[in-house]
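Below you'll find the structure, written out as structure tokens, and then a few comments.
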Amino acid sequence: MIKLEAMEARIIACLIEKEITTPDQYPLSLNALTNACNQKSNRFPVMNLSEAEVQTTIDSLSAKRLVSDRGGFGSRVTKYQHRFCNTEFGELKFSPAELAIICELLLRGPQTPGELRSRADRMNKFSNVQEVESVLNQLSNREDGPFVLKLAREPGKRESRYAQLFSETQALEPSVEVDSGSERPASGSSSRLDALEAEVASLRQEVSELKTRLEQLES
């Protein structure tokens with residue numbers, strides 16, 4: 001199975017995310033890809049990568065045939081696209097629902113089915129948490145996998161988290177930072193907080209994408 005370093009996982013996930021959410025801006029220039037990697041919304045951990053660091057990682061992924069450039073003749077800006085999955089260059093194929101889950105886990109680390117439903121909804125609509133759990137089970141039991149792992153339930157938590165298995169460096173990272181001295185919110189409050197967090201993350205992402213589009217127009 002494909003194995004990715006932390007920065008490689010971030011770049012692949014950002015390319016997948018932008019291919020789904022902003023297809024008119026995909027493939028991405030080095031500048032746009034760097035901005036996507038450094039987004040403060042829907043990312044954990046938040047990174048502050050330079051264009052040089054992103055370029056070095058792109059070169060590593062290109063050597064692994066996981067990223068290719070689209071710099072054609074006469075093009076002023078080289079743009080990059082992933083070859084991670086769902087391409088004619090490899091055998092790894094995911095359904096839209098599976099790809100949304102994998103992408104979200106690569107972007108933000110281990111998460112519960114409820115968190116995934118809220119956060120991955122912008123890439124694929126999930127009708128309920130049970131649908132997310134079904135997709136996670138598929139990814140856990142595929143013959144060419146497994147691609148996700150169900151983690152042991154943490155003390156005081158209602159749901160277990162799931163981690164993707166492409167990037168070992170993210171397998172044990174938390175999806176959110178929690179103050180160990182704070183009380184766990186009630187179920188209804190937690191659901192409302194999840195919904196508000198997802199809405200704020202979506203708005204922040206839209207602002208970031210508008211900034212990227214403006215930078216592209218100015219260049």
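The values are calculated or read from the model by the stated rules, or taken from the named source; none is laboratory data. Computed from a prediction, not measured in an experiment: that's the story for all the values here. Ideal geometry is used to build each Cβ from the backbone, glycine not excepted, and the neighbour counts take in all protein chains shown.
The number of residues in region 103-156 being touching a residue at least 40 places away in the same chain (Cβ under 8 Å), surrounded by fewer than 19 Cβ atoms within 10 Å (Cβ to Cβ) and basic (Lys, Arg) comes to 1. Test residue 88 against the criterion of being loosely packed, with under 15 Cβ neighbours inside 10 Å, over 18 Å from the mean Cα position of the chain (by Cα), under 22 Å from residue 58 (Cβ atoms) and modelled with pLDDT under 95, and give yes or no. Considered against the rule, which asks whether it is loosely packed, with under 15 Cβ neighbours inside 10 Å, over 18 Å from the mean Cα position of the chain (by Cα), under 22 Å from residue 58 (Cβ atoms) and modelled with pLDDT under 95, residue 88 comes out as yes. Scanning region 101-128 for residues that are of a type in the set (Gly, Ala, Ser) and either in the same structural domain as residue 42 (by TED's automatic domain parsing) or over 18 Å from residue 2 (Cβ atoms) (or both) yields 114, 118, 120, 127. The residues in region 53-95 that are assigned to a helix (DSSP H, G or I) and either of a type in the set (A, V, I, L, M) or in the same structural domain as residue 125 (by TED's automatic domain parsing) (or both) can be counted, and the count is 4.
Any idea how many residues of region 137-152 are assigned to a loop (DSSP other than H, G, I, E, B) and under 16 Å from residue 112 (Cα atoms)? Residues that pass the stated criteria total 3. Does residue 92 satisfy the condition of being within 24 Å of residue 111 (Cβ to Cβ) and out of contact with any helix residue (DSSP H, G or I) (no Cβ under 8 Å at 6 or more places or on another chain)? Considered against the rule, which asks whether it is within 24 Å of residue 111 (Cβ to Cβ) and out of contact with any helix residue (DSSP H, G or I) (no Cβ under 8 Å at 6 or more places or on another chain), residue 92 comes out as yes. For region 9-57, the candidate set comprises residues that are acidic (Asp, Glu) and within 13 Å of the chain's Cα centre (by Cα); within that set, the residue that is farthest from residue 147 (Cα to Cα) is 19.
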